[in-house]
Amino acid sequence: ANVEMQWAPNVWWTGSLSKDPAPWWPGPPYVQSLCLDGYNDSTDPDWTFTEIFGGSYDKLVALAPGKPIWIGETGIDANKITATGRQKWITDMYRVIATDRFKAIAAVVYFDRVGEGRHWTLDTEGQAALKATGGVMPEYP
C-alpha cells in the first residue's frame, strides 16, 4: 500500500484535559507508527520535555513495542517563557531525545505558529538552540 497509518493522541497526565487513549488503540496490525502532540505552554521554563511527554511515551511504547514514535507537534509559548528559558527547553529536548530513554522517537515536528493568544514560533533563541545541537536528531534504530 502507498499509505501508512499513524495513530496520534495528545499527551496526557493526571489532571490534564486529555484522557488515556489506550481504549481507542486500533492495534499493531493497523498502525505503522505512533505520534504524540504536546507543548510547553506553562509559565515554568523548567517544565521539561520528559515531564510533558514521558508518561504518554511510555504508554505508547507498551502498546506498540518496536513501532516508531513521532513527536507530531511540540512548541514552547514565547508569551510565557523568556528567551533564555526557550533556548534551554529546546536544547534539553534534543539532549533527552538522544538518550536511550526516548529511543523509539523517530522524528520531531516543531509547531511554528502565532495565533489564538499563543506565540509558538521558533524565534532567534530557538534557532540558536537548534544550531547548537546541530539541528539533527539522533538516528532512529
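When you check G66 against the structure, is it open to solvent by 30 Å² or more (accessible area, probe 1.4 Å), of a type outside the set (A, V, I, L, M) and closer than 28 Å to W25 by Cα, yes or no?
On the way: open to solvent by 30 Å² or more (accessible area, probe 1.4 Å): yes; of a type outside the set (A, V, I, L, M): yes; closer than 28 Å to W25 by Cα: yes.
Considered against the rule, which asks whether it is open to solvent by 30 Å² or more (accessible area, probe 1.4 Å), of a type outside the set (A, V, I, L, M) and closer than 28 Å to W25 by Cα, G66 comes out as yes.
Across segment 108-141, which residue is farthest from the chain's Cα centre (by Cα) among those that are modelled with pLDDT under 70 and among the polar types (S, T, N, Q)?
Result: T124.
Any idea which of (1) within 16 Å of the chain's Cα centre (by Cα); (2) closer than 28 Å to P23 by Cα; (3) part of a helix (DSSP H, G or I) is the one W89 doesn't satisfy?
Just one mismatch for W89, condition (2).
Enumerate the pairs (first residue in segment 92-103 and more than 13 Å from G54 (Cβ to Cβ); second residue anywhere and outside any helix (DSSP H, G or I)) with beta-carbon separation below 6 Å, excluding pairs fewer than 6 apart on the same chain, so at least 6 apart or on different chains.
The qualifying pairs are A98/P138.
For the structure I just gave you, tell me whether A62 is in contact (Cβ under 8 Å) with a residue 24 or more places away in the chain and small (G, A, S).
Criteria not met by A62.
Yes/no matrix, rows are residues, columns are (1) open to solvent by 50 Å² or more (accessible area, probe 1.4 Å); (2) at pLDDT below 85; (3) among the hydroxyl-bearing types (S, T, Y):
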{"residue": "E51", "(1), (2), (3)": "yes, no, no"}
{"residue": "Y57", "(1), (2), (3)": "no, no, yes"}
{"residue": "A62", "(1), (2), (3)": "yes, no, no"}
{"residue": "T74", "(1), (2), (3)": "no, no, yes"}
{"residue": "A78", "(1), (2), (3)": "no, yes, no"}
{"residue": "Q87", "(1), (2), (3)": "yes, yes, no"}
{"residue": "I90", "(1), (2), (3)": "no, yes, no"}
{"residue": "K103", "(1), (2), (3)": "yes, no, no"}
{"residue": "A106", "(1), (2), (3)": "no, no, no"}
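Which members of segment 92-101 meet the condition of being open to solvent by 10 Å² or more (accessible area, probe 1.4 Å) and among the aliphatic types (A, V, I, L, M)?
Matches in segment 92-101: V96, A98.
The values are calculated or read from the model by the stated rules, or taken from the named source; none is laboratory data. Only a predicted model underlies this, so the values are computations on that prediction, with no experimental measurement involved. With ideal geometry, Cβ positions are generated from the backbone for all residues, glycine too; neighbour counts draw on all protein chains shown. Ligands, DNA and RNA are stripped out before the accessible areas are found, and what is left, the full protein with its side chains, is counted by its heavy atoms. Shrake-Rupley method; radii C 1.70, N 1.55, O 1.52, S 1.80 Å.
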